[in-house]
Amino acid sequence: MKHLAQNIRVLRECNNETQEQLSAALGSGQQSVQRWEKGRVVPSMFYVVGIASHYGVEISDLVGKQAAYELVWKTGEAS
């Protein structure tokens, strides 16, 4: 699940959000987001769906092996 952790972090940073802002949008704790991004804990499917929806990406892209920068490019956030 290394790719999931990396993709969450890159999507959040490229959208200029803090861990606190993402956690508020998802209704989770900031510490949970920190653990997901470090790969210490895998988010439940509820939060995976929420993260994908929040950033406008497919779940399969979020958890897949696709490089994080390609995900950002797909969302149109990269410039």
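Bear in mind these aren't lab numbers, they're just calculated from the coordinates by the rules spelled out. Please read all numbers here as calculations on a predicted model, not as lab measurements. Here the Cβ positions follow ideal geometry from the backbone for every residue, glycine too, while neighbour counts run over all protein chains shown.
If R0 equals 22 Å, the separation of the Cβ atoms of residue 49 and residue 6 corresponds to a calculated FRET efficiency of about 0.75. Rounded to two decimals, the Cα radius of gyration of the stretch 2-75 over 2.2 N^0.38 Å is 0.95. Most tightly packed first, judged by the mean number of other beta-carbon atoms within 10 Å of their residues, the peptides 32-38, 44-50 read 32-38, 44-50. For residue 13 and residue 38, the difference between the fully extended length at 0.36 nm per residue and the C-alpha to C-alpha distance is 7.6 nm.
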